[in-house]
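Here the structure is laid out as structure tokens; the discussion comes afterwards.
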Amino acid sequence: MTRRRRPTRTLAALVALGSTLALVAGCASSDEGGDPFSFDTPRGGRHPQQASQQQHGRDTPTVPETVFPTGPKASFTVQRELDDGTRIGVTELRGGKSGFTGRVWVWAPKQYFDPAYAETGFPVLIALPGGRGYPTNYWAREDIDFPGHISRWVDEGKGLPFIVVMPVLNPDAKFYYDGSDIPGHPKMGSWLTEDVPDFVRANFRTFTSRDGWAFMGSSSGGFVGLKSVLQRPDRFKAVIASGPDLVPDSPLWKGHEKERQANNPERLAAALGRKRDTPGNQVFLAFQVGTKEVGLKKKVQAFMRDYTKGPVKTRLQVVQDGEHNPDSYMRGMDEGSMAWLSAHLQGPVPVQTPDSTS
């Protein structure tokens, strides 16, 4: 779903996405959550250096440093259960940095609960919706089933077993906030890039390195994920930006041009592209567009032509007959984007057990 600034494109997106807004409104009660649920897992009692060095198809020279949950512990309720027995939990997060309070949906893969992985961190994928992204996040919906696709891609060797974190994108349904700290308004930039990661570290086993942190988003959510990685390459390494907007254009920026440009992916990519092409500076931007998104495809290609320099690495997944909707973007991830993203991120490192070595 797209943003208010382009009435014709917004109308087309509404048609393409079908009943997304209606479902968001109609399914709000189910998204509130049900029974209490915990993502807690017992420690394995082994030292991390006993872990296998094999990681998602490549050898790693050292065991990555895991951060165990620091607390405070969040209270989750079950939003729904997947076919493999894993669950999506939902909670209310009050951001310590932003002061904003909003809902967050989280899913952990079955490997997270496997004793062989009890001493290792897991990569985190922050998934952002398009449109208003409030009061729900459509990536948590059963009909889209993004976590279910992640689980299948892991089994097929197409992706890492990510912890998928699905926060609301905006603080209300009236405006788009560009995932930014617009002066005088809720600090959505701080909430998404600081409070949400802090919340994840408080409740889940993660990695200290940015190699374990990425964004994924579509339309306005793709813009926010793209902007966040370019703005904070010290914290996030990669993004899948599907059908993204490429410039900040919330009407709330009026009178704050300096701040708006500080959140402009074009400015951010140009600045990062002038830095040395070292592993610590590199970011990986996976773009996705459908063949039916003709005008947008040209804009994304122009962005890639102008800003794929130095440490800024890009890839374009063109989805045949793809439109501006989650189903098309899911096909693109299946056809290559998820594997490319995963190849540049840190996966969990299991402990060798008698069962796993026999």
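If only the Cβ of Lys and Arg carry +1 and only the Cβ of Asp and Glu carry -1, the dipole of the stretch 201-251 around its Cα centre is close to 320 debye.
For the set SER342, SER38, the ranking by accessible area, highest first and with no ligand, DNA or RNA atoms included, is SER38, SER342 under a 1.4 Å probe. Across the stretch 307-313, coupling constants 3J(HN,Hα) worked out from phi with the 6.51/-1.76/1.60 Karplus curve, θ = phi - 60°, read 10, 7, 9, x, x, 8, 10 Hz, and Gly and Pro carry x. Quick check: Cα centre of the stretch 181-196 to Cα centre of the stretch 325-353, how many Å? Cα centres, the stretch 181-196 to the stretch 325-353: 27 Å. Amide H neighbours of ILE126 under 5 Å, counting only residues 5+ apart in sequence or on other chains, H built in-plane at 1.01 Å? Excluding prolines and chain starts, which carry no amide H, the hits are VAL165, ALA214, PHE215, MET216. Once backbone amide H atoms are built at 1.01 Å from N, GLU323 has SER328 as its partners under 5 Å, excluding neighbours fewer than 5 places away on the same chain.
Taken along the Cα-to-beta-carbon direction at a fixed 7 Å, the label points for ARG276 and ARG94 span 4.5 nm. Starting from the Kirkwood Rh over alpha-carbon pairs, what translational D in µm² s⁻¹ does the stretch 204-358 have by Stokes-Einstein at 20 °C and 1.002 mPa s? Once the numbers are plugged in, D ends up at 131 µm²/s. A simple spin-label model places pseudo-atoms 7 Å from Cα toward Cβ; at ASP306 and LYS73 they are separated by 5.0 nm. Taking the convex hull of the alpha carbon positions in the stretch 145-227 and averaging its projected area over all directions gives 6.7 nm².
The portion of the accessible surface of the stretch 223-295 made up by carbon and sulfur, rounded to a whole percent, is 51 (1.4 Å probe; DNA, RNA and ligands excluded). Partner lysines whose Cα lies under 26 Å from the Cα of LYS309, excluding those fewer than 8 positions away in the same chain, are identified as LYS227, LYS237, LYS258, LYS275, LYS297, LYS298, LYS299. For LYS73, the aspartates and glutamates whose Cα falls under 15 Å of its own Cα, not counting residues fewer than eight places away in the same chain, are ASP40, GLU92, ASP195, ASP198. Put the Cα centre of the stretch 266-323 next to the Cα centre of the stretch 248-262 and the gap is 22 Å.
Note on the stretch 78-117: Cα convex hull, mean projected area over all directions, 3.7 nm². The aspartates and glutamates whose alpha-carbon is closer than 16 Å to the alpha-carbon of LYS158, local same-chain residues fewer than 8 away aside, are ASP334, GLU335.
Could you give the dipole magnitude of the stretch 231-358 about its Cα centre, charging the beta-carbon of Lys and Arg +1 and that of Asp and Glu -1, in debye to the nearest 20? Working shown, then result.
On the way: 19 positive and 15 negative charges, 146 e Å.
Using only the charged Cβ atoms, the result is roughly 700 debye.
Loop-resident trypsin sites (Lys or Arg not before Pro) (DSSP state other than H, G, I, E or B) in the stretch 157-239 with no more than 14 further Cβ atoms inside 10 Å of their Cβ: LYS174, ARG235.
The values are calculated or read from the model by the stated rules, or taken from the named source; none is laboratory data. Since this is a predicted model, take the numbers as computed values, not measurements. So basically every Cβ, Gly included, is an ideal-geometry build from the backbone, and we count neighbours across all protein chains shown. SASA here: full protein model, heavy atoms, side chains in, ligands and nucleic acids out. Shrake-Rupley method; radii C 1.70, N 1.55, O 1.52, S 1.80 Å.
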